[in-house]
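Novice: Got a structure for you, written out below as structure tokens; questions coming shortly.
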Amino acid sequence: MGYPYSHEKEVPILSKYFGDPEARTLDGWEAREGYQALKKALDMDPEEVVEAVKASGLRGRGGAGFPTGLKWSFMPKAKDKPHYLLCNADESEPGTFKDRELMRWVPHQLIEGCLIGAHAMGAEHVYIYCRGEFFEATQVLAKAVEDAYEAGVIGDDVMGSGRKIDVTVFAGAGAYICGEETGLMNSLEGRRGEPRVKPPFPAAVGAFGMPTTINNVETLAAIPHIVANGGEWYRQWGSEKSPGTKLFCVSGHVRRPGNYELPLGFPLKDLIYDVCGGMIEDRALKAVIPGGSSVPILSAEEAEGCALCYEGVIEAGSMLGCASVIVMDETTDIVHQVMRMASFYAHESCGQCTPCREGTAWVTTILKRIEDGRGTEEDLDTLVEVTEQMTGTTICVLSDSVAAPVQSSIAKFRDEYLALIRRGERVGAA
Amino acid sequence: MTEIPFKNPGWAGNVGEYDLTEEQVRGIDFVGVRPLEGGHPAGSSTYPYMMEDKDPEAPLFEGPYEERLEKILTRYPTKRAALLPVLNLAQEVRGHVSPQTMDRVGEILELSSAYVRGVATFYTMYNKRPVGRHLVQVCTNISCNLCGAEDVLKAFLAHTNTEMGATSLDGAFTVMEAECLAGCGFPTCVQINSRYYENLTVEEVPRLVAHLRAQDAGAARSTGPEDEG
């Protein structure tokens, strides 16, 4: 069920108990068939669990869309050193607000997914890295973990299976870059959250130098359902390449923004006009960012033909990312919004790589200059050139994330930039 | 604005229910108040509260906080890994992380002062300077921005009579711009100390500020004599 609104076209699996305070307690969760999947998984061989996840075709929900089962299978089988599972709950991609709801409404669903993952990969310790600002969600989760320890669901003998799994809730301290997997590992180890060079990949050398797998909250929350019902069951929704359901976070100029759980492949047009009740005051659609601020902007025409699955959004010219749909209407000042996004990345750049540290700052400066009416047409070429040099040249993809909105907005809304540069005309200006 | 279909125990923005207590906002019936000693070690690394009363001289790692520190240290294979949780704890106690606080944290975790500063300055949630009783962080990132967040920020600055990032003369408010708080569906999203206020509009800002001021006056009345005595 969507939050705060629901819609009949939704397929509520992960979000079934959003808004139901009882589901947050251990008793309430068990009464809703909670921890049955964990029990089932503990009776299975770890390899069987990995195979079930592979069969479901579940793809990572944090943005990259890497197949989860495959990722799990990279973990070494040898038990000569500790293995870790990290849950990435550092939700900070602008436009994304699904993990907070998953943590505060159904914390035990996440814990169950973590425990199944730990069993499948032979991990002894799960760290749930929560965003520092999530005081409320972190408290709910910490309480749920405490209760699970007391009930013997977590601990030295997980549900009487003899398996020892510990779970620790960790709170970050405010840094977007800690959502990057190796940045998160550095942060967990008490370092600056600077991403690491890969290889070595986390499955070989991860947190504390040990084999590590890191999954998003939504990915792990889907695991209990897949284990309980089988991989094939999950494939009844979505497409061949993008099976299952996904939480769509819709924000911006729609009547009913919020989280909606829909099958992958759902038409973006229906999401905006049907599920979200249409545009505020029936204004015209101008642009949509389909996957959080790091992906290319879609024009209204591109958006209206777009299917919301991994391959569908690529076809439309963008990426699904974490399915954070930011909707902009005709009153939107694109130049200002792109400047705001660029200044965000300039603020959050960790500063390790020169193209990113310098590039994000200069892109922001040039965009501000254009906004102030002191820009030239050459500035647009400079922006494209600079962002091209920022793509694929750095340790992580934060730098590429600036390039996406800048380049796509200049390509698709060039007239708007030119109107500002040539005539000082601004959209939405009073 | 469309009516919200059900009541959210954590929801304070839509109808200006500012008088909900912290406990109600956190869902007291389920969460309870997190104990200062950290409860179960699994949850001891969280940073439960940003307090209104901020005493920069408060003793660190004493009483229940010492217990919490011990619990935090049991959860990681290295001492260094406890750095963020311990800095969080220090900020919870003192309201900000001063160079002296960082040195103390470094001593406990056997890390150099320079290293601790390097890490602490990387993260935005560590207040490097003292902040007001109410630390107001207004998200002005894209989703909130589309829905008028910059005007909400201006309204906060005007009604608290402060400049961006500065603390009001009475020590009540520090207003800052924040990056995305992950409340994009509920714009404008504002975090004040540990609490999110969602769906805030420009019109609601003066009411909220007045409410917080009244709360402070009430708190001062009830504890005032002892404080001054």
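The values are calculated or read from the model by the stated rules, or taken from the named source; none is laboratory data. Because the structure is a prediction, the values reported are computed rather than measured. Because the Cβ atoms are built from the backbone with ideal geometry, glycine has one as well, and the counts that use them run over all protein chains shown.
Novice: Please list, ordered by residue number, the helices (runs of 4 or more DSSP H) wholly in the range A:299-357 having 1 or more residues that are within 14 Å of another protein chain (Cβ to nearest Cβ) and modelled with pLDDT of 95 or more.
Specialist: On the way: elements: A:300-304, A:310-316, A:334-348.
In the range A:299-357, A:334-348 are the helices (runs of 4 or more DSSP H) which contain 1 or more residues that are within 14 Å of another protein chain (Cβ to nearest Cβ) and modelled with pLDDT of 95 or more.
Novice: Which members of the range A:18-67 meet the condition of being hydrophobic (A, V, I, L, M, F, W, C), farther than 20 Å from A:PHE97 by Cα and part of a helix (DSSP H, G or I)?
Specialist: A:LEU26, A:TRP29, A:ALA31, A:ALA37, A:LEU38, A:ALA41, A:LEU42, A:VAL49, A:VAL50, A:ALA52, A:VAL53, A:ALA55
Novice: Also, quick follow-up: Quick one: A:GLY392 ticks every box in (1) under 23 Å from the mean Cα position of the chain (by Cα); (2) in contact (Cβ under 8 Å) with a residue 12 or more places away in the chain except a single one, so which number is it?
Specialist: Against the list (1) under 23 Å from the mean Cα position of the chain (by Cα); (2) in contact (Cβ under 8 Å) with a residue 12 or more places away in the chain, A:GLY392 comes up short only on (2).
Novice: Does the range B:178-191 contain any residue that is under 22 Å from B:MET125 (Cα atoms) and either assigned to a helix (DSSP H, G or I) or basic (Lys, Arg) (or both)? Spell out the reasoning first.
Specialist: Step one: filter the range B:178-191 for residues under 22 Å from B:MET125 (Cα atoms), giving B:178-184, B:186-191.
Among the residues that remain, those that are also either assigned to a helix (DSSP H, G or I) or basic (Lys, Arg) (or both) are: none.
The answer is no; no qualifying residue exists.
Novice: Another question, if that's okay. Please state which of the following conditions A:ALA222 fails to meet, knowing it meets all the rest: (1) closer than 26 Å to A:PRO4 by Cβ; (2) among the aliphatic types (A, V, I, L, M); (3) not in a helix (DSSP H, G or I).
Specialist: Result: A:ALA222 passes all but (3).
Novice: Quickly run through the range B:74-96 and pick out the residues that are buried (at least 18 other Cβ atoms within 10 Å of the Cβ), farther than 17 Å from B:ARG34 by Cβ and more than 10 Å from every other protein chain (Cβ to nearest Cβ).
Specialist: The answer is B:ARG94, B:GLY95.
Novice: If you check A:ASP333 against the conditions, is it in contact with a His (Cβ under 6 Å, 6 or more places away or on another chain) and either buried (at least 17 other Cβ atoms within 10 Å of the Cβ) or closer than 26 Å to B:ALA182 by Cβ (or both)? Working first, answer last.
Specialist: Working: in contact with a His (Cβ under 6 Å, 6 or more places away or on another chain): no; either buried (at least 17 other Cβ atoms within 10 Å of the Cβ) or closer than 26 Å to B:ALA182 by Cβ (or both): yes.
The answer is no for A:ASP333.
Novice: Inside the range A:54-105, can you point out the residues that are farther than 20 Å from A:ILE226 by Cα, among the small types (Gly, Ala, Ser) and at pLDDT 95 or above?
Specialist: Of everything in the range A:54-105, those that are farther than 20 Å from A:ILE226 by Cα, among the small types (Gly, Ala, Ser) and at pLDDT 95 or above turn out to be A:ALA89, A:GLY95.
Novice: Residue check, A:THR68 against (1) away from chain B (no Cβ under 14 Å); (2) among the β-branched types (Val, Ile, Thr); (3) touching a His at 6+ places or on another chain (Cβ under 9 Å), all met but one. Which one?
Specialist: (3)
Novice: Let me ask another. Please enumerate the residues belonging to the range B:169-180 that are touching a helix residue (DSSP H, G or I) at 6+ places or on another chain (Cβ under 8 Å) and either on the phi > 0 side of the Ramachandran plot or surrounded by 24 or more Cβ atoms within 10 Å (Cβ to Cβ) (or both). Break it down into steps so the answer makes sense when it comes.
Specialist: First pass over the range B:169-180, keeping only residues touching a helix residue (DSSP H, G or I) at 6+ places or on another chain (Cβ under 8 Å): B:172-173, B:175, B:177, B:179-180.
Answer for the range B:169-180, where residues must be touching a helix residue (DSSP H, G or I) at 6+ places or on another chain (Cβ under 8 Å) and either on the phi > 0 side of the Ramachandran plot or surrounded by 24 or more Cβ atoms within 10 Å (Cβ to Cβ) (or both): B:PHE173, B:VAL175, B:CYS180.
Novice: Which one of these does B:VAL175 not meet: (1) more than 14 Å from chain A (Cβ to nearest Cβ); (2) at pLDDT below 90; (3) in a strand (DSSP E or B)?
Specialist: (2)
Novice: Next up: Out of everything in the range B:97-133 that is of a type in the set (Lys, Arg) and closer than 24 Å to B:SER168 by Cα, what residue ends up being nearest to the other protein chains (Cβ to nearest Cβ)?
Specialist: The initial filter retains those residues of the range B:97-133 that are of a type in the set (Lys, Arg), namely B:104, B:117, B:128-129, B:133.
Still in the running and closer than 24 Å to B:SER168 by Cα: B:128-129, B:133.
Working: B:LYS128: 12, B:ARG129: 15, B:ARG133: 17 Å.
Looking at residues that are of a type in the set (Lys, Arg) and closer than 24 Å to B:SER168 by Cα, I get B:LYS128.
Novice: Of a type in the set (Val, Ile, Thr), part of a loop (DSSP other than H, G, I, E, B), within 14 Å of another protein chain (Cβ to nearest Cβ) and touching a residue at least 40 places away in the same chain (Cβ under 8 Å), is that true of A:VAL295?
Specialist: On the way: of a type in the set (Val, Ile, Thr): yes; part of a loop (DSSP other than H, G, I, E, B): yes; within 14 Å of another protein chain (Cβ to nearest Cβ): yes; touching a residue at least 40 places away in the same chain (Cβ under 8 Å): yes.
So A:VAL295 passes the test.
Novice: Which of the numbered conditions does A:ILE214 fail, given that it passes all the others? Conditions: (1) surrounded by fewer than 23 Cβ atoms within 10 Å (Cβ to Cβ); (2) away from chain B (no Cβ under 14 Å); (3) more than 30 Å from A:ASP27 (Cβ to Cβ).
Specialist: For A:ILE214, the exception is condition (1).
Novice: Continuing with the same structure: Could you tell me which numbered condition B:CYS184 fails, if it satisfies all but one of (1) more than 24 Å from A:GLY277 (Cβ to Cβ); (2) in contact (Cβ under 8 Å) with a residue 12 or more places away in the chain?
Specialist: (1)
Novice: Does any residue of the range A:198-212 turn out to be in contact with a Pro (Cβ under 8 Å, 6 or more places away or on another chain), in a strand (DSSP E or B) and at pLDDT 95 or above?
Specialist: Yes; the residues of the range A:198-212 include at least one that is in contact with a Pro (Cβ under 8 Å, 6 or more places away or on another chain), in a strand (DSSP E or B) and at pLDDT 95 or above.
Novice: While we're looking at this one, here's another question. Of everything in the range A:255-284, what is surrounded by fewer than 24 Cβ atoms within 10 Å (Cβ to Cβ) and facing chain B (nearest Cβ under 10 Å)? Give them in sequence order.
Specialist: Of everything in the range A:255-284, those that are surrounded by fewer than 24 Cβ atoms within 10 Å (Cβ to Cβ) and facing chain B (nearest Cβ under 10 Å) turn out to be A:ARG255, A:ARG256, A:GLY277, A:ILE280.
Novice: B:SER143 fails exactly one of the following numbered conditions: (1) farther than 25 Å from A:ASN259 by Cβ; (2) hydroxyl-bearing (Ser, Thr, Tyr); (3) within 11 Å of another protein chain (Cβ to nearest Cβ). What is the number of that condition?
Specialist: It fails just one condition, (1).
Novice: Only one of B:GLY148, B:GLY165, B:GLY185, B:GLY95 is of a type outside the set (Val, Ile, Thr), more than 26 Å from B:LYS71 (Cβ to Cβ) and under 15 Å from the mean Cα position of the chain (by Cα). Can you tell me which? Spell out the reasoning first.
Specialist: Working: B:GLY148 fails: under 15 Å from the mean Cα position of the chain (by Cα); B:GLY185 fails: under 15 Å from the mean Cα position of the chain (by Cα); B:GLY95 fails: more than 26 Å from B:LYS71 (Cβ to Cβ).
Result: B:GLY165 is the single residue among B:GLY148, B:GLY165, B:GLY185, B:GLY95 that is of a type outside the set (Val, Ile, Thr), more than 26 Å from B:LYS71 (Cβ to Cβ) and under 15 Å from the mean Cα position of the chain (by Cα).
Novice: Could you look through the range B:181-194, keep only residues that are at the interface with another protein chain (Cβ under 9 Å from one of its Cβ atoms) and under 16 Å from A:PHE135 (Cα atoms), and pick out the one that is surrounded by the most Cβ atoms within 10 Å (Cβ to Cβ)?
Specialist: Let us first name the residues in the range B:181-194 that are at the interface with another protein chain (Cβ under 9 Å from one of its Cβ atoms), namely B:181-187, B:189, B:191, B:193-194.
Restricting the remaining residues to those that are under 16 Å from A:PHE135 (Cα atoms) gives B:181-183, B:189, B:191, B:193-194.
On the way: B:LEU181: 26, B:ALA182: 28, B:GLY183: 23, B:CYS189: 30, B:GLN191: 22, B:ASN193: 20, B:SER194: 22.
Ranking the candidates gives B:CYS189 first.
Novice: Using the structure shown, decide if B:PRO64 is touching a Gly at 6+ places or on another chain (Cβ under 7 Å), more than 7 Å from chain A (Cβ to nearest Cβ) and either at pLDDT below 95 or more than 30 Å from B:LEU208 (Cβ to Cβ) (or both).
Specialist: Numbers: touching a Gly at 6+ places or on another chain (Cβ under 7 Å): no; more than 7 Å from chain A (Cβ to nearest Cβ): yes; either at pLDDT below 95 or more than 30 Å from B:LEU208 (Cβ to Cβ) (or both): yes.
No.
Novice: Right, next: What are the residues in the range A:1-22 that are at pLDDT 90 or above and either of a type in the set (Gly, Ala, Ser) or touching a His at 6+ places or on another chain (Cβ under 9 Å) (or both), if any? Walk me through it before giving the result.
Specialist: Residues of the range A:1-22 at pLDDT 90 or above: A:7-17.
Scanning the range A:1-22 gives A:ILE13, A:LEU14, A:SER15.
Novice: Starting from the range B:74-88, keep only residues that are touching a residue at least 40 places away in the same chain (Cβ under 8 Å), then list their pairs with residues that are among the β-branched types (Val, Ile, Thr) and part of a helix (DSSP H, G or I) whose Cβ atoms are within a distance under 7 Å, requiring at least 6 positions of separation or different chains.
Specialist: Qualifying pairs under 7 Å: B:PRO85/B:ILE72.
Novice: Now for a separate question. Scan the range A:285-306 and tell me whether some residue there is buried (at least 18 other Cβ atoms within 10 Å of the Cβ) and more than 21 Å from A:VAL338 (Cα to Cα).
Specialist: Yes, some residue in the range A:285-306 is buried (at least 18 other Cβ atoms within 10 Å of the Cβ) and more than 21 Å from A:VAL338 (Cα to Cα).
Novice: Which residue pairs have Cβ atoms under 6 Å apart, sit 6 or more places apart or on different chains, and have a first residue in the range A:231-247 that is more than 16 Å from A:SER15 (Cβ to Cβ) and a second that is at pLDDT 95 or above and charged (D, E, K, R)?
Specialist: A:LYS241/A:GLU311; A:PRO243/A:ARG235
Novice: Now, a different point. Scan A:SER6, A:SER73, A:SER56 and give me the residue that is surrounded by fewer than 22 Cβ atoms within 10 Å (Cβ to Cβ) and within 30 Å of A:ILE289 (Cβ to Cβ). Full working, then the answer.
Specialist: Numbers: A:SER73 fails: within 30 Å of A:ILE289 (Cβ to Cβ); A:SER56 fails: surrounded by fewer than 22 Cβ atoms within 10 Å (Cβ to Cβ).
Answer to the selection: A:SER6.
Novice: State the number of residues belonging to the range A:164-197 that are without any contact (Cβ under 8 Å) to a residue 40 or more places away in the chain and touching a helix residue (DSSP H, G or I) at 6+ places or on another chain (Cβ under 7 Å). Please lay out each step first, then the result.
Specialist: Residues of the range A:164-197 without any contact (Cβ under 8 Å) to a residue 40 or more places away in the chain: A:186, A:189-191.
Within this subset, residues satisfying the condition of being touching a helix residue (DSSP H, G or I) at 6+ places or on another chain (Cβ under 7 Å) are A:189-191.
Matching residues across the range A:164-197 total 3.
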